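Asker: Got a structure for you, written out below as C-alpha cells; questions coming shortly.
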Amino acid sequence: MKVSSGNIHKAAEHFSRGEFEAAHRLYLKAASQLGDGLVRANLLLCERRMQQRACPHEAIPQPTPKHSEKTDRSKVEQQLAETQRLLEHYFNRCQELEYQLTDFGTHNH
C-alpha cells in the first residue's frame with residue numbers, strides 16, 4: 001500500500017500555523033495507513049491544542065512527570081519535529097527501495 005509522506009509533512013505545516021484540526025485529520029489519515037504508533041504523539045499534541053482552544057480558561061490536566069523526567073516543552077516539541085523529519089526520511093527511503101526492488105524484479109524476468 002502506498003502512503004503519501006506528504007500527509008505527514010502537510011500535517012506538520014498545519015500544526016505550525018496553528019491549524020490543529022486540519023493537522024489532526026491528516027495525522028489520522030497517516031495513522032490509518034502507517035499505524036498510529038508512528039504519529040501518536042502528533043495526534044496527542046493536536047488534541048491537546050484543540051482542547052486548549054475550546055476551553056482556554058479551563059485548566060487541562062497534564063501528565064505529572066516523574067522526578068527525573070522534567071523536560072521543558074520546547075525540547076519536547078523539538079524532539080517531535082526531529083522524529084517527524086526522520087519518519088519522513090525513512091518512509092521516503094523505504095519507498096525508493098521498494099521501487100528499486102520492483103524494478104529489479106521486472107528486469108530479471
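Asker: Condition check: of a type in the set (Val, Ile, Thr), at pLDDT 80 or above and out of contact with any Asp or Glu (no Cβ under 9 Å at 6 or more places or on another chain). Does VAL3 satisfy that? I'd like the intermediate steps shown before the answer.
Answerer: Details: of a type in the set (Val, Ile, Thr): yes; at pLDDT 80 or above: no; out of contact with any Asp or Glu (no Cβ under 9 Å at 6 or more places or on another chain): yes.
Against the criterion (of a type in the set (Val, Ile, Thr), at pLDDT 80 or above and out of contact with any Asp or Glu (no Cβ under 9 Å at 6 or more places or on another chain)), VAL3 does not qualify.
Asker: If you don't mind, there's one more thing I want to ask. Can you run down the residue pairs with Cβ atoms below 8 Å, 6 or more apart or on separate chains, where the first is in segment 69-93 and closer than 15 Å to ALA30 by Cα and in a helix (DSSP H, G or I) and the partner is at pLDDT below 85 and of a type in the set (Phe, Trp, Tyr)?
Answerer: From residues that are closer than 15 Å to ALA30 by Cα and in a helix (DSSP H, G or I), there are no pairs.
Asker: Collect the residues in segment 7-51 that are basic (Lys, Arg) and more than 22 Å from ARG73 (Cα to Cα), keeping them in residue-number order. Working first, answer last.
Answerer: Quick first cut of segment 7-51, residues basic (Lys, Arg) only: 10, 17, 25, 29, 40, 48-49.
Across segment 7-51, the qualifying residues are LYS10, ARG25, LYS29.
Asker: Okay, moving on. What pairs can you find where one residue is in segment 27-55 and part of a helix (DSSP H, G or I), the other is surrounded by 18 or more Cβ atoms within 10 Å (Cβ to Cβ) and among the hydroxyl-bearing types (Ser, Thr, Tyr), and their Cβ atoms are less than 6 Å apart, with a gap of 6+ or different chains?
Answerer: Note: pairs meeting the criteria are ASN42/TYR27; LEU43/TYR27.
Asker: Pick from segment 6-46 the residues that are surrounded by fewer than 18 Cβ atoms within 10 Å (Cβ to Cβ) and among the polar types (S, T, N, Q): which of them is modelled with the lowest pLDDT?
Answerer: Looking at the filtered set, the residue picked out is GLN33.
Asker: Still on this structure, I have one more. Looking at segment 49-71 only, could you name the residues that are under 21 Å from ARG85 (Cβ atoms) and at pLDDT 85 or above?
Answerer: Looking only at segment 49-71, we keep the residues that are under 21 Å from ARG85 (Cβ atoms), and these are 49, 71.
The answer is ARG49, and nothing else.
The values are calculated or read from the model by the stated rules, or taken from the named source; none is laboratory data. No experiment lies behind these values; they were computed from the predicted model shown. Virtual Cβ from ideal backbone geometry, glycine too; neighbours counted across all protein chains shown.
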